[in-house]
1. Which angle between 0 and 90 degrees, to the nearest 10, do you get for helix 319-331 versus the longest principal axis of the chain when only C-alpha atoms count?
2. If neighbour count is taken as other Cβ atoms inside 10 Å, put V231, V27, V451 in order from fewest to most.
3. Report the charge-dipole magnitude of segment 434-630 in Debye, nearest 20, computed about the Cα centre from +1 at each Lys and Arg Cβ and -1 at each Asp and Glu Cβ.
4. May I ask for the distance between the Cα centers of segment 452-507 and segment 36-76, given as a whole number of Å?
5. Which FRET efficiency, nearest 0.05, do E43 and I597 yield, Cβ-Cβ r, R0 56 Å?
6. Residues with beta-carbon under 13 Å from that of S328, excluding S328: net charge, scoring Lys, Arg +1 and Asp, Glu -1?
7. Starting from 0.36 nm per residue, how many nanometres of slack lie between D64 and A585 once their C-alpha separation is accounted for?
8. Taking K and R as +1 and D and E as -1, what net charge do the other residues with C-beta under 12 Å from the C-beta of T46 add up to?
Amino acid sequence: MKRYFLFAMGVALLGLTLLMQPVKSQVFSEFDTTRVVQATYSELQTRTVIPADYFGLPPAFPPDHDNGYSPVNLPFKFEYNGEVYSQIWININGFIMFTKQGEQPPFVAPDNPNALFIQANSYPTNVVAPFWGDHYYRTTADKFYGFKESEISWSDATDGVFVVQWKNLNINYKDINGNPIKSSVGNFQLRLYKSPDPYSYQGNIEFAYGQVGGNPDPVSGNNIITRGASVGLKGDVSDFVNGLIYMKTSDEPINTLLSRTSTILTNEWTPSGGTDWRILFPAKIVHRDLLFWGDGDVNFSKAEGSMHYAMPQNRYVTFADVRIILHSVSTNIPLDSVRGKAAYHADVNHNGRFYWTDAVPSQKVFIPWRNVNAADSLPQEINSIKRVFFYATEYDAAWILHYMAARIPELPWIHDTLVRYGKFGVDMKKADGITTGKAVTIGSNQYQIPVYLNGLNTGPLGLKFDISGEILDVQSSNISNEFNNSTVILAGTGDFDETLPICFITIKSDNSDLSFNNIRFNDNSIAGFSTKLTEVTDPMNNSVALQNSPNPFVTKTLISFNIGTQNTYSLAIYDLFGNLVKTLANENMSSGPHNIIWDGTNDNGNFVSNGVYVYRLVGGNLSVSNRLVLSK
């Protein structure tokens, strides 16, 4: 007799706050919706001024007052683009670049504001840009020629806020003929906030803007070029947040997709809407653990300060991790794919590494090798582990269930061979897809359809498919499920075959054909198919539609029925002489479809002999019955 190690689990929807779109970038997923907050621009009083000659371009770093960088050590650690930094390079052109100690900026003049959006590794990455343009740092010597003296400085962050200030900067200083514009002067700040979470270095980022103009030279004029600069955040390739797309008030809706696709530049001063408003990028603080790729800790319950901290894997891997993955798949909201975050830990079978190409538009490419380490066997196109992202599916959820059933010793499970329990005969077909049984009418244009595998599946089972009708309900007593209006997601583990439905789907459809498309079976895409709803029959010719499948059966059969009115009902098995064999249910049942399994045992737990039996549903002025056959 087959042994079943199955999990019944009601998957609750989680209140996730991720965005309803594929997350292509790390930086985009690290911050919540960009917004403006009210706060008066306040010039730094206590500050460290960086002399103009301290700015230069690599590799030799000769003084460069036009495009130069100058390094500064941060007073606290700050996480950005999936890495923790303690150093930045401040650029004259209105941005800073995070780097590791000893790293240098790229060998290119960074005066192109569109570089915030450019997909090329030769341009600066890990950038925070309050006002990226083509600026110039004017010195005391420039005052002789009618320019206003500039100042670039930083604060010491005694209050948990590190500030970089560009003061009296000669902004976008050339006209269309390349002549310097002495009157184009601006003031702005970048503010980095220390994380309030003791277990994270993710903090808020804020842009503040002061006045423009004010050159006292009488011949300087009043022309100020505030257009043509970019405002936002940039990570690696295809990875930016345009700060000009923001929510002005808490009640104003915003198209968040624009912030990672729009390449618009500033067209007004201030970019925030006023000197008493700042552009805020609120950090989405999520604990990160670079160890244990694919360990199943999707909800970070083992992170320091969490409920399973310092506990073994069999404690921190729970049903909650499965729920998060299934909800992600059903809502099409990807798990955070940054290295060390949710998808990184959810990829328990190590087949979910991918990267984005440098092409325009960028293409998603999966890495086929299932290595132990995330940085192994990377294609030549990838020049940094930060460009590797991670992906998880319902099949990963099934592997987590398989681990929880003690069928494998640990996660991740990257072995090509799965240990099978029991016998697998040569005449048994291995499942590689799904089929459907006959639909049953349960209401006006409403049907219940059983879904079967087309063979035997031993071990983890992960399924996802779309249906052309409107999904009203999915019932699966031996496998976890989640669904939305048109998609069904299933995850479980055990011995499944073509004799028992893996689930019953209740749908509403006005069409005679029902299509199953975008089918993913254990991470493999398979062809779709259609079934005719015009052939629907009600075997009992009544609204209850009492039936069982398979019939005859060997070890288990699923009895299904539909109830029109909530009431107390009993479902029992009788032999042909009317003797009670087993009571399967005697309880208050809600209206709608129900499914109950009979395993061929009586009320004493003993297996009954082969033969014909009657199952009867009674309750609420209802009494219906049908026959089934046990044939071991």
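Only the coordinates and a few stated rules stand behind these numbers; no lab work does. Model, not experiment: these values are computed from the prediction. Don't worry about glycine lacking a Cβ; one is built from the backbone with ideal geometry, like all the others, and counts go over all protein chains shown.
1. For helix 319-331, the angle is close to 80 degrees.
2. V451, V27, V231
3. Around 260 debye, computed over segment 434-630.
4. After rounding, the separation between the Cα centres reads 58 Å.
5. 0.15
6. Net charge in that neighbourhood comes out at -3.
7. My answer for the length gained is 179.3 nm.
8. With Lys, Arg at +1 and Asp, Glu at -1, the net is -2.
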